[in-house]
1. Calculated from DSSP H runs of 4 or more alone, at -39500 (n - 2.57) each and per residue, what is the 222 nm mean residue ellipticity of chain B, nearest 500?
2. About the Cα centre of chain A, how large is the charge dipole given +1 on each Lys and Arg Cβ and -1 on each Asp and Glu Cβ? Please answer in debye to the nearest 20.
3. From the P(r) of the protein assembly as shown, could you give the percentage of C-alpha pairs in the tail past 42 Å?
4. What is the ratio of the Cα radius of gyration of the range A:15-104 to 2.2 N^0.38 Å, where N is its residue count, to two decimals?
5. Charges on Cβ only, +1 for Lys and Arg, -1 for Asp and Glu, centred on the Cα centroid of chain A; of A:Ile89, A:Phe65, A:Thr116, which one is farthest towards the dipole's positive end?
6. Convert each backbone phi in the range A:204-211 into a coupling constant with the Karplus relation 6.51 cos²θ - 1.76 cosθ + 1.60 (shift: θ = phi - 60°), then list the ³J(HN,Hα) values in order as whole Hz, x for Gly and Pro.
7. Can you tell me the dipole magnitude for the range B:217-280 around its Cα centre, using point charges on the Cβ only (Lys, Arg +1; Asp, Glu -1), in Debye to the nearest 20?
8. Report ³J(HN,Hα) in whole Hz for each residue of the range B:138-154, in order, from the Karplus equation J = 6.51 cos²θ - 1.76 cosθ + 1.60 where θ = phi - 60°; Gly and Pro get x.
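The values are calculated or read from the model by the stated rules, or taken from the named source; none is laboratory data. Predicted model, so just to flag it, every value in this text is computed and none were measured. As a convention, Cβ positions derive from the backbone with ideal geometry for all residues, glycine included, and neighbour counts pool all protein chains shown. Quick note on the areas: whole protein, heavy atoms, side chains included, nothing else; ligands and nucleic acids left out. Shrake-Rupley method; radii C 1.70, N 1.55, O 1.52, S 1.80 Å.
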There are 2 protein chains.
Amino acid sequence: MPAHICYLNGQFLPDRSATVSILDRSFLYGDGLFETIRVSNGQPRHWPRHLTRLTQGARFLRIQFPIPQETLLPQALHLIHLNNLPEAILRLTLSRGTGPRGYSPRASTHPALVMTVHPAQACDDSLPPHWHLITSSIRVNTADPLTRFKTCNRLPYILAQLEADDAGANDALLLNNAGFVAESSCANLFWIHNDVLHTPPLASGPLDGITRSRLLQLAAQLNLPLAQTDARPTDLHACHGLFLTLSTRNVIPVATLDGQPIPAHPLIRLCHRALRDQND
Amino acid sequence: MPAHICYLNGQFLPDRSATVSILDRSFLYGDGLFETIRVSNGQPRHWPRHLTRLTQGARFLRIQFPIPQETLLPQALHLIHLNNLPEAILRLTLSRGTGPRGYSPRASTHPALVMTVHPAQACDDSLPPHWHLITSSIRVNTADPLTRFKTCNRLPYILAQLEADDAGANDALLLNNAGFVAESSCANLFWIHNDVLHTPPLASGPLDGITRSRLLQLAAQLNLPLAQTDARPTDLHACHGLFLTLSTRNVIPVATLDGQPIPAHPLIRLCHRALRDQND
């Protein structure tokens, strides 16, 4: 893995030598938020949507931004330029920073802002390789207000991914506490049944994914029949097409769920193209 | 806050200049575990219990120790000696360390081990000051396997503590998803009703606290009537005494819950003394 330049609290430096204090609260408690953003042709895609979600999370957790939010994009663009990586993934982390020992964040007034870039392949017309999914034993708790935000508390998703790794699968499906499908460890979930596109409602526990909400808007614009549906894994086994949405790759088709083949469906390629071509 | 010496992956250095990579997974995802250990007369109290809990969590999350576990205590003792802090709190953090981007920990093979010390007052015969508690809106999910371990995913407890801060209280009571009391943001909970000591069972979602399990053993040795009981906040309002247990201070009596006074009870002092005098 070659070193890249990262952004850390106003400085640009090699990511391998960039560090935070061992007293940083995101290190101690996962007390932070992050965004993972696709960069294409040197531009972070859907920046306003990512910044809005990050800002909402920061307001909820009461973490201040260390710099004015409008200065973030110029810094991100400079970082992408420094790395000469027009096709990349940009991770932005906002930590509450250091403070006195204990859970209370009252005296923590030095937030940390980090941006790293990671190489990615250019998005072309072809669909990414199909993934194999298993159903995780980890459940999403719909009563947890933190599921709405992309926080640095990610152990449930790491455990789900570990189960996928163990099974030789690419990713794992998480159900919610009522037994309905919610999301995968790193993506939102859509399926097709009788030419209708379905996705779990936000109340069922998935992250409010950027690509998910873009696809909901595009489906309305393209008059694609769409429903927000609570479904059980057995419903997915009977579906006519299944795919994941995530910011880094738009769409990933699913080949199997728990070892059972999932059919391909032409709507998946249509969604892939529509997402790729959307510019806002 | 004066600087102290900390331990970081085999080195002893000032905690203010001790850092971890911005690619460390505990910073990125809270992918780590910790223990908070009372130090008295230069000795970490109940070290084997803390090490056992940490080891069980590490096995569950599949995080390796970077050094043999039996070398940890000598390093901790050296750290306490270097800081000349015979009365202290020792925090031990085990992070999965750095690895490739993404949730899968498969290629993360460089765990990080950090120990910090924080000054504390000597434990004497007097009870600590009474705390004021509120009931938090945050719920503990009893189906979450992570509640059994002291992981670095601590945002629910930070949110609960924020609610306490807002209300001018010291700490917040967390209920579980069934509406029964589970724990406080940083401690286990005991109450007294008709001279019987009660605490929520582990199945109700509290952390398996070291001081909680010590007190359960002591109660059996001292023939104190004890029950593991599911209770609602209304039951606590009708109790005859309420206190918290935590490693750093043994016992903290509760003065009020949601603004309503809680009576004092002689059993609280008895528990405080029994815990203080226990040596294992």
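1. Working: 7 runs with 73 residues, N = 280.
Estimated from H runs of four or more residues: -8000 deg cm²/dmol.
2. Numbers: 23 positive and 21 negative charges, 171 e Å.
The dipole of chain A has a size of about 820 debye.
3. Numbers: 37367 of 156520 pairs.
Tail fraction, whole percent: 24.
4. Details: Rg = 14.2 Å, N = 90, 2.2 N^0.38 = 12.2 Å.
Taking the Cα Rg and dividing by 2.2 N^0.38 Å, one obtains 1.17.
5. A:Phe65
6. So the J values, rounded to whole Hz, are 8, x, x, 4, 6, x, 4, 5.
7. Values: 5 positive and 5 negative charges, 42 e Å.
Dipole of the range B:217-280, to the nearest 20 debye: 200 debye.
8. For the range B:138-154, the Karplus-derived couplings read 7, 10, 8, 8, 5, 7, 7, x, 6, 5, 6, 10, 8, 8, 7, 8, 10 Hz, x marking Gly and Pro.
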